[in-house]
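Okay, structure first, notes after.
The values are calculated or read from the model by the stated rules, or taken from the named source; none is laboratory data. All values reported here derive from a predicted model rather than from experimental measurement. Here the Cβ positions follow ideal geometry from the backbone for every residue, glycine too, while neighbour counts run over all protein chains shown. All accessible areas refer to the heavy atoms of the entire protein, side chains included, with ligands and DNA or RNA removed. Shrake-Rupley method; radii C 1.70, N 1.55, O 1.52, S 1.80 Å.
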Amino acid sequence: MKDGALALHGGVPTRDKFLPYARQSISEADIAAVARVLRSDFLTTGPEVSGLESKLCEITGAKYAAAVSNGTAALHLACMALGIGEGDEVIVSSITFAASSNCVLYCGGTPMFADISTDTWNLDPRSVERLITSRTKAVVAVDFTGRPAVTDELSALCKKRGIALIEDAAHSLGSSYRGRSVGQLADITTLSFHPVKTVTAGEGGAVLCGDRELHERVLLLRGHGITRDGEKLYNKENGDWYYEQQLLGYNYRISDFQCALCASQLDRLGLFADKRRELTRFYDAEFSGSELLSLPAEDEDCDTVRHLYPICLQTAKLRADRREIYAALKAENIGVNVHYIPVYLMPFYRSLGYERGLCPNAEALHNGLITLPLFYDMSIQDARDVVTAVKKILNFYAI
Ligand SMILES: *Cc1c(COP(=O)(O)O)cnc(C)c1O
């Protein structure tokens, strides 16, 4: 076999050992934190839940935080707390995970998919503006890859039109925009603590906001719509065993040992963020200027902690499509992924009547996207292997 042949064609892979695209980092302190809770009186709805909530407020500067069972539940509660229902339209990013728009459907609302900007790869405020009607109740802006999508332009637009702004910040814990942390930018911000995200609880999420009433509605809906708070009871004549279900809520509680894990992880958020910034800088330096791929434009307004590092292949300059290049990277033992397929192209959304061509920028971007490995426990040498494999493959296929 000729030296330098692609592993896909029988050559020697760039790495002996497979490098995943994402992986959690669990320390002995994390393990001890969980073990301590397992020996305590509370497994759920104990002190670790409010402990995590306080810590999230401290870190993000949000006024209120509610820890919940996962990021999808957080989005559902955000929509419910805002009163989204039948007949309401909610404008959603098209390049995102399905949860960002499923939450609208859970409430009986209609997701309206907005296109992305080819610069930021985030929601394009001009596309949002075009979709606003008298039925528009909210916007779900996704901080794709970790870059804040809630810019002053988007906030001003929503404010002017009286539309609530939900920030799906599943990717962006630790990022900030013009000196304000994610958690302070939108009316409601949702987080996810799934293992691939920057910090994990196993499963978990949170709803952050600055409005007391909104926060109390989230808390009520998190626990079946039940309250025991004497101040809030409709019927105050009963004993202290008494509680009332006042709304149709859910069980979106998170357990204490999950919160302990998440709080312990947050102690390393600074380290996690620094490493993600270092790896991102390394990739950026290696890839910027390449004709064969594109990256999102830089933005001096954002201090972004990247959750994902996608590149977009310039397929017109390559003799192979994304599918072949993806397979070639896997063969080199580089874990890759694709984030995301425009949500409305999913068979379920197609069955609701959404059609191909709805968001041309999102569809064009999607066709070239490949997510490269980015996680705390990978080394610069690992990143160097990724760069070597990408360059080897793209140079091979270059026209
Ligand atoms: C992970 C993710 C979610 C959902 O979070 P879960 O905790 O898995 O429910 C929502 N939106 C985006 C953009 C995500 O990446």
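The separation of segment 268-336 from segment 171-242, counted between C-alpha centres, amounts to 33 Å.
Here is the list for segment 325-374: GluC sites (Glu not before Pro) lying in DSSP coil, each with at most 15 other C-beta atoms within 10 angstrom of its C-beta, are Glu355. In this Cβ point-charge picture (+1 for Lys and Arg, -1 for Asp and Glu), segment 1-111 has a dipole of about 440 debye about its Cα centre. Modelled this way, with points 7 Å down the Cα-to-C-beta line, the labels at Asp240 and Thr44 are 2.4 nm from one another. Here segment 94-188 yields Rg over Rh of 0.92, to two decimals, using C-alpha coordinates and the Kirkwood radius.
With respect to the chain, whose longest principal axis is taken over its alpha-carbon atoms, helix 47-60 is tilted by about 60°.
At 0.36 nm per residue, minus the direct Cα-Cα distance, what do Arg135 and Arg161 gain on full extension? Give it in nm, one decimal, please.
Fully extending the segment from Arg135 to Arg161 adds 8.2 nm.
Look at the Cα gyration tensor of segment 147-270: its axes a ≥ b ≥ c give a/c of at least 1.5 with a/b at or below b/c, and that counts as oblate. FRET efficiency for the Asn395 to Lys17 pair, using the beta carbon distance and R₀ = 25 Å, is estimated at 0.60. Here's the picture: charge each Lys and Arg Cβ at +1 and each Asp and Glu Cβ at -1 in segment 1-155, and of Ile116, Val92, Gly10 the one pushed furthest to the positive end of that dipole is Gly10.
Kirkwood-type hydrodynamic radius, segment 177-234: 13.4 Å, calculated from all non-identical alpha-carbon pairs.
Extension gain for Arg323-Ile380 works out to 17.9 nm (0.36 nm per residue, less the C-alpha to C-alpha distance).
Legend: calculated FRET efficiency, Asp267 to Val338, from the Cβ-Cβ distance at R0 = 30 Å, rounded to 0.05, equals 0.40.
Largest to smallest in accessible area, the residues Glu203, Glu28, Glu53 fall in the order Glu28, Glu203, Glu53 (1.4 Å probe, all protein chains included). Note on segment 1-46 and segment 106-158: Cα centroid distance 33 Å, given to the nearest whole angstrom. Projecting the Cα atoms of Tyr354, Ile399, Leu372 onto the charge dipole of segment 311-399 (Cβ charges, centred on the Cα centre) puts Ile399 farthest toward the positive pole.
Report the gain in length on full extension from Glu58 to Glu28: 0.36 nm times residue separation, minus Cα-Cα distance, nm rounded to one decimal. Provide the component values of the computation, followed by the final result.
Details: separation 30, 0.36 × 30 = 10.80 nm, distance 2.38 nm.
Gain on extension, Glu58 to Glu28, equals 8.4 nm.
Paramagnetic label reach from Ala364 (point 7 Å along Cα→Cβ; backbone nitrogen cut-off under 20 Å): within segment 317-332, residues 317-323.
About the Cα centre of the chain, what is the dipole size in debye to 20, counting +1 per Lys and Arg Cβ and -1 per Asp and Glu Cβ, all else neutral? It would help to have the intermediate numbers written out before the result.
Working: 42 positive and 50 negative charges, 153 e Å.
For the chain, the charge dipole is close to 740 debye.
Note that the chain shows a convex hull volume over its alpha carbon atoms of 145 Å³ per residue. How many percent of the alpha carbon pairs in segment 1-137 exceed a separation of 22 Å? Tail of P(r) above 22 Å: 64 percent of Cα pairs.
If R0 is taken as 30 Å, the Cβ-Cβ distance between Thr118 and Arg277 corresponds to a FRET efficiency of 0.80.
Given +1 at the Cβ of Lys and Arg, -1 at the Cβ of Asp and Glu and no other charges, the dipole of segment 256-318 around its Cα centre is 300 debye to the nearest 20.
Volume per residue of the convex hull around the Cα atoms, evaluated for segment 278-399, comes out as 132 Å³. Exceedance of the 30 Å cut-off in Cα-Cα distance is limited, within the set Lys55/Lys232; Lys55/Lys160; Lys63/Lys160; Lys63/Lys197, to Lys55/Lys160.
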